[in-house]
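The values are calculated or read from the model by the stated rules, or taken from the named source; none is laboratory data. Just so it is clear, the structure is predicted and the values come from calculations on it, not from any experiment. When we count neighbours, we look across all protein chains shown, and the Cβ atoms used for this are built from the backbone with ideal geometry, even at glycine. Only protein heavy atoms, including side chains, enter the accessible area calculation; ligands, DNA and RNA are left aside. Shrake-Rupley method; radii C 1.70, N 1.55, O 1.52, S 1.80 Å.
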Amino acid sequence: MIAKSSPQYKLPSDFIWGFATASFQIEGSTDVGGRGKSIWDDFSRTPGKTMDGRNGDVATDSYNRWREDIDLLVSYGVKSYRFSLSWSRIIPLGGRDDPVNEEGIKFYSDFIDGLLEKGITPFVTLYHWDLPQALHDRYLGWLNKDEIVQDYTRYARVCFERFGDRVKHWLTMNEPWCISVLGYGRGVFAPGRSSDRMRSTEGDSSTEPWIVGHSVILSHAYAVKAYREEFKEKQGGQIGITLNGDWAMPYDDSPENIEAAQHALDVAIGWFADPVYLGSYPAYMKEMLGDRLPAFTDEELKVVSGSSDFYGMNTYTTNLCKAGGDDEFQGKTEYTFTRPDGTQLGTQAHCAWLQDYPQGFRDLLNYLYNRYKLPIYVTENGFAVKDENAMPLEQALHDEPRVQYYRGVTQSLISAVVEDGVDVRAYFGWSLLDNFEWADGYVTRFGLTYVDYETQKRYPKDSAKFVSKWFKEHILSEEEVPPTTTEVAPKPVAVKKTAQTNGVSKRQSVSKGANGKTVQKKKSPIARVTAYISTFLGL
Ligand code: PNW
């Protein structure tokens, strides 16, 4: 066990950290540079769909201000930046026979070069909810498995071909649960389909989300197959999916509530993670949905199973779960933040679904690592301070509840890695900037940087300073890294030792750096031996 006070109580030297965004939430310039419409363009312009009636036409204007965004990342000292590509900027009509837009390619190509020039590793999401409108109009998008799988795979292939020489970290899909449930079940996100005729003119919440989820899994899997067969050998990158999922805690000790928490996890996470990592839908989902849950053919299952190189984890909060209710999207459980004794689980955020509970972050990391046994990349995690939008600038910049949130999760993160032996390789805070928060419009601010939407000026909040400083102080410097097994040491480094004592799967080997190369560098023999001894003794 490494003592908390030890200089070795740190994350590995090749740990990746940075901030995340998504194309539609920041770019704006929706009708510029040959971009085709996405399903969010008109949806966000439709009265009543966003809280403040505002849309994504300008957002944080990052299509024009991307150099400024890179400067901001540099000022924070990040190692990596997670962003997404707009499918309809690259293929305006989206389909496999539709033309590629060279202006869109050039925009992202220049951006990637800009990051690399500053030593920032691009972490690229292919799909963060902005489906080309033309594909929705043509065949109902994700509802048409046969068409969308082919169109998505071709889009992915174009991205690998054009950017894969420089991009070594790919995420196929962002949060399939949100795509399926919020877009086709609750109808609150584009394309806004549901059974609720007060909200949606079309849709069927009892069937469509499960069909959409199935198409998303298959599209992900066939894109990964293409990457592995046609690009990976030459380009040497990694590819995986990223899932949302909040920790589920039983409301109390009763057996039905303990079971309810597992049901909540089965639908929030297992719906996607179980097929991808374990090869089948969770038994509880089959029981709950019967033949409304689509089945994989044997051939599809071969492609789906094992189709992610790592576990991509987006998480924000913890829910207390009680058995009951008929909400299938929550596994027929009820969520609350109020404990049996009437107290709140944590600090309330601006959005109703989020409270700050850092222990849940650590518990979730352990659960995912034990169940899926792959390295974890935390690709989103963040907090929206209550009423921040109504505060004067100076007050908003001192975002103490967000600092408190990040203080808690970073402590949980390092405890999970060093004490529990969970193999976490990356952490991205959501978000680099305040931005278009989907149905919330611009009311809810998740940024570690404040954006004044009148001037588009960016102002670092205290949280950005906290997170940047924390990662700089808690990652082993290359000088401190103990030698690897191939060098002097007969045993793995202390992190690996701790892992063994906890009965969790261990870190298998020295992980790869951002560019796919082993990061640990040669040190002087003395430095190596000293570092090794101090690690071994837990100093
Ligand atoms: C994620 N929920 O969305 C997305 O990946 C981001 O684009 C988004 O800005 C961020 O989290 C903050 O909301 C979520 O209702 C949207 O539980 C809704 C939920 C969770 C995540």
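Brief remarks follow.
Residue by residue, here is whether (1) outside any helix (DSSP H, G or I); (2) surrounded by fewer than 24 Cβ atoms within 10 Å (Cβ to Cβ); (3) not polar (S, T, N, Q) holds:
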{"site": "171", "(1), (2), (3)": "yes, no, yes"}
{"site": "179", "(1), (2), (3)": "no, no, yes"}
{"site": "204", "(1), (2), (3)": "yes, yes, yes"}
{"site": "219", "(1), (2), (3)": "no, no, no"}
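- Scanning region 89-117 for residues that are in contact with a helix residue (DSSP H, G or I) (Cβ under 7 Å, 6 or more places away or on another chain) and farther than 30 Å from residue 144 by Cβ yields 109, 111, 112, 114, 115.
- Enumerated helices (runs of 4 or more DSSP H) restricted to region 239-313, each holding at least 3 residues that are under 25 Å from the mean Cα position of the chain (by Cα), in contact (Cβ under 8 Å) with a residue 12 or more places away in the chain and over 26 Å from residue 167 (Cβ atoms): 255-265
- Selection of region 326-346 for residues being open to solvent by 20 Å² or more (accessible area, probe 1.4 Å), part of a loop (DSSP other than H, G, I, E, B) and within 16 Å of the ligand (Cβ to nearest atom) yields 327, 337, 346.
- Residue in region 412-422 that is more than 19 Å from residue 82 (Cβ to Cβ) and within 15 Å of the ligand (Cβ to nearest atom) present: no
- Any hit, region 347-360, residues being buried (at least 21 other Cβ atoms within 10 Å of the Cβ), part of a helix (DSSP H, G or I) and not aliphatic (A, V, I, L, M): yes
- For region 437-472, a residue qualifies if it is buried (at least 24 other Cβ atoms within 10 Å of the Cβ) and within 12 Å of the ligand (Cβ to nearest atom), and the qualifying residues are 445, 446, 447.
- Just one of the numbered conditions (1) more than 17 Å from the chain's Cα centre (by Cα); (2) surrounded by fewer than 24 Cβ atoms within 10 Å (Cβ to Cβ); (3) within 13 Å of the ligand (Cβ to nearest atom) is not true of residue 401: (3).
- Inter-residue pairs, beta-carbon under 7 Å, first acidic (Asp, Glu) and in region 343-363, second assigned to a helix (DSSP H, G or I) and more than 14 Å from the ligand (Cβ to nearest atom), 6+ apart: 356/404; 356/408
- Residue 138 being under 18 Å from residue 88 (Cβ atoms), more than 16 Å from the ligand (Cβ to nearest atom) and open to solvent by 10 Å² or more (accessible area, probe 1.4 Å): yes
- Test: residue in region 363-376 that is buried (at least 23 other Cβ atoms within 10 Å of the Cβ) and under 30 Å from residue 51 (Cα atoms): no
- Matching residues, region 306-325, being surrounded by fewer than 16 Cβ atoms within 10 Å (Cβ to Cβ) and over 30 Å from residue 339 (Cα atoms): 306
- Meets criteria (within 24 Å of the chain's Cα centre (by Cα) and over 17 Å from residue 442 (Cβ atoms)) for residue 43: no
For every residue, the table says whether it meets (1) farther than 20 Å from residue 330 by Cβ; (2) within 16 Å of the ligand (Cβ to nearest atom).
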site: 189; (1), (2): no, yes
site: 193; (1), (2): no, no
site: 198; (1), (2): yes, no
site: 203; (1), (2): no, no
site: 221; (1), (2): yes, no
site: 239; (1), (2): yes, no
site: 245; (1), (2): no, yes
site: 249; (1), (2): no, yes
site: 252; (1), (2): no, no
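- Residue satisfying all of: in region 95-134; among the acidic types (Asp, Glu) and either more than 25 Å from the chain's Cα centre (by Cα) or modelled with pLDDT under 95 (or both); farthest from the ligand (Cβ to nearest atom) among these: 97
- Only one of the listed residues (82, 65, 138, 96) is within 17 Å of residue 38 (Cβ to Cβ) and among the basic types (Lys, Arg). That residue is 138.
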